[in-house]
Structures are given as structure tokens and as C-alpha cells.
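Engineer: Questions regarding the structure given below will be posed in turn.
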């Protein structure tokens, strides 16, 4: 998908969240497929878009909760992306909630 196309990116990240669900296997497979880099790139490209940040944060926090995925989230810039999202959107309740989950 076009990385500058917001509609495609938000649809994609929502689909990834649905695929991941609560499945550790699905989360591991997504990590191995490079989803952390995709999330980080989307979060950088749409840093002021709370909806995309919220969906990306949900996925990153789900990945970070899995021990076998955690290093990829940290090493892939996921932790930095979470901090940037919070700094850029300090009053957005959905962004703050997604970062805590």
C-alpha cells in the first residue's frame, strides 16, 4: 500500500489488529513479517493523527506483551514511537489509553 495514503494505512493497521487478536502465534508471525517497522513508519508519517496512532499503539503494545516479540519492538523503534506518540498527543485520551494497554 502507498505509505502516504492515510486510508490505506489505517485500514491496514486495523486489519493487522484483527488478525493478531489475542493469539500469541499470530503476533509472533506478524513480528517475523516485519510489522514493527510498518507500525513505526506509519506512526512517524501520521504523527498527529490520533486514530492511526491509537491503532498502531494497540498493535505495538500487544506485541510488546509477548516475550518473544518484545526485543523486536524495542530494537525496531517501537518504544521510541510510543513515547513520540504520547509527546505529540499529550491530551488525547485514546492515544494515552492505547499506550497503557
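The values are calculated or read from the model by the stated rules, or taken from the named source; none is laboratory data. Bear in mind that the values here come from a model prediction, so they are computed numbers and not experimental data. Please note: Cβ atoms are built from the backbone with ideal geometry, for glycine as well, and neighbour counts cover all protein chains shown.
Engineer: Quick check: anything in the range 87-94 crowded, with 22+ Cβ neighbours inside 10 Å and either modelled with pLDDT under 95 or under 12 Å from the mean Cα position of the chain (by Cα) (or both)?
Structural biologist: Within the range 87-94 (the criterion being crowded, with 22+ Cβ neighbours inside 10 Å and either modelled with pLDDT under 95 or under 12 Å from the mean Cα position of the chain (by Cα) (or both)), the answer is no, since none of the residues qualifies.
Engineer: Would you say residue 25 is in a helix (DSSP H, G or I) and loosely packed, with under 15 Cβ neighbours inside 10 Å?
Structural biologist: Against the criterion (in a helix (DSSP H, G or I) and loosely packed, with under 15 Cβ neighbours inside 10 Å), residue 25 qualifies.
Engineer: Does residue 73 satisfy the condition of being in contact with a helix residue (DSSP H, G or I) (Cβ under 9 Å, 6 or more places away or on another chain), at pLDDT 95 or above, crowded, with 21+ Cβ neighbours inside 10 Å and not in a loop (DSSP other than H, G, I, E, B)?
Structural biologist: The answer is yes for residue 73.
Engineer: When residues of the range 44-57 are filtered for being farther than 14 Å from residue 11 by Cα and under 8 Å from the mean Cα position of the chain (by Cα), how many remain?
Structural biologist: Qualifying residue count, the range 44-57: 1.
Engineer: Look through 64, 77 and report the one residue that is in contact (Cβ under 8 Å) with a residue 12 or more places away in the chain and at positive phi.
Structural biologist: 77
Engineer: Which number in (1) within 12 Å of residue 17 (Cα to Cα); (2) in a loop (DSSP other than H, G, I, E, B) marks the one condition that residue 54 misses?
Structural biologist: (2)
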